[in-house]
1. Among the aspartates and glutamates, which fall within straight-line cross-link reach of Lys235, defined as a Cα-Cα distance under 12 Å, with same-chain neighbours fewer than 8 residues apart omitted?
2. How much of the accessible area of the chain, in percent, comes from carbon and sulfur atoms when a 1.4 Å probe is used?
3. Rounded to the nearest 500 deg cm²/dmol, what is the calculated helix-only ellipticity per residue at 222 nm for the chain, with -39500 (n - 2.57) per DSSP H run of length n ≥ 4?
4. Cut-off 10 angstrom, C-alpha nodes, Gaussian network model of the chain. Which of Asp11, Asp234, Asp51 fluctuates the most?
5. Please list Thr219, Thr210 from largest to smallest accessible area, probe radius 1.4 Å, with all protein chains kept in place.
6. What is the helix-to-structure angle for 70-104, meaning the angle in degrees between its Cα long axis and the longest Cα principal axis of the chain, kept from 0 to 90 and rounded to the nearest 10?
7. Quick one: what do you get for the stretch 146-192 if you divide its Cα Rg by 2.2 N^0.38 Å?
8. Rolling a 1.4 angstrom probe over the protein heavy atoms, how many square angstrom per residue are accessible across the chain?
Amino acid sequence: MKKIVIAGRNDAGKSTILGEIYKGLKNKGYQPLAVGSGVQDEKPYLHKGIDVNYLHIAVPEPGWDVVEDIERVIRDVLNKIEEKNKLIIHARRALEDLNKVRSVLELGSLTQRDIPKPAELPNVFLIEAVGINDGYKSIESRELADILVTIIPANIKGEIILEAGNVLLDEADIIVVTKIDETPRDVTSTTVKMLKRIYPYKPIIPVVATQGVHMDLVTEEILKLMIDPLILIDKAEQHRDTKKH
Ligand SMILES: Nc1nc2c(ncn2[C@@H]2O[C@H](COP(=O)(O)OP(=O)(O)O)[C@@H](O)[C@H]2O)c(=O)[nH]1
Ligand SMILES: [Mg+2]
């Protein structure tokens, strides 16, 4: 199952973007699981309407990132949903049996309405990396992600983009530029032009995350990476090549 990692600086808009991508993928028939990296992530997720069944906040120890412990977190969440589903199926069977007895006694049957349906298991993971302060240098997210979405606020200082070793930008599959609504137009334009010059082949998408403006374009790029087999072959080859060197 694909893991989409949302990475970037503190306050860049990661949680807000994650909520939007959740909605976008859900509308396309996927059931995402959202994994946040701290209590501060929960509110924006709920605000964007993420179902609590598919929301998990993992709080990593100081100095660690949730992405480093993700396999365990995912397994735990899947187990929990499966356990709950078993109980639901059990309750439904018990009620059926009870209704058989009631029917023999001519008591009329009780309704299943109050027992929820078993929950669909998630089929794509949305993971918010811990926010960073040090440029865009953090390799763990790339190692974990099938699709790496890096968030950069429009008002970021040019020096930060130009720094060497910004792994999260160099390795991003998609770069999302946030807060274009509260950033002067010339500043946004400088940021986007600089990114386009350094990364001419990457999708670079300016958005207003809080209002969902242009978020459909972000979802579209993600879907392309999820379903286009040619892109997937390219990625596998890149992976092999980086391993060789
Ligand atoms: N005006 C504006 N505010 C935004 C945008 N994206 C995020 N924010 C706000 O920025 C703050 C941090 O957002 P959050 O998603 O929690 O960032 P995170 O720390 O990277 O997860 C919140 O107050 C958001 O409402 C945007 O595109 N425009
Ligand atoms: Mg957050």
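The values are calculated or read from the model by the stated rules, or taken from the named source; none is laboratory data. These numbers were taken from a predicted model, which means no experiment stands behind them. Note: ideal-geometry Cβ built from the backbone for every residue, glycine included; neighbour counts use all protein chains shown. Side chains are part of the model used for accessible areas, which takes the heavy atoms of the whole protein and leaves out ligands, DNA and RNA. Shrake-Rupley method; radii C 1.70, N 1.55, O 1.52, S 1.80 Å.
1. Asp146, Glu171, Asp173
2. Numbers: 7460 of 13820 Å².
The computed percentage sits at 54.
3. Numbers: 9 runs with 112 residues, N = 245.
Dividing the helical sum by the residues of the chain leaves -14500 deg cm²/dmol.
4. Judging by the Gaussian network model, the answer is Asp234.
5. On the way: Thr219 10, Thr210 100 Å².
Highest to lowest solvent-accessible surface, that is Thr210, Thr219.
6. 20
7. Details: Rg = 11.0 Å, N = 47, 2.2 N^0.38 = 9.5 Å.
That ratio works out to 1.16.
8. On the way: 13820 Å² over 245 residues.
That works out to 56 Å² for each residue.
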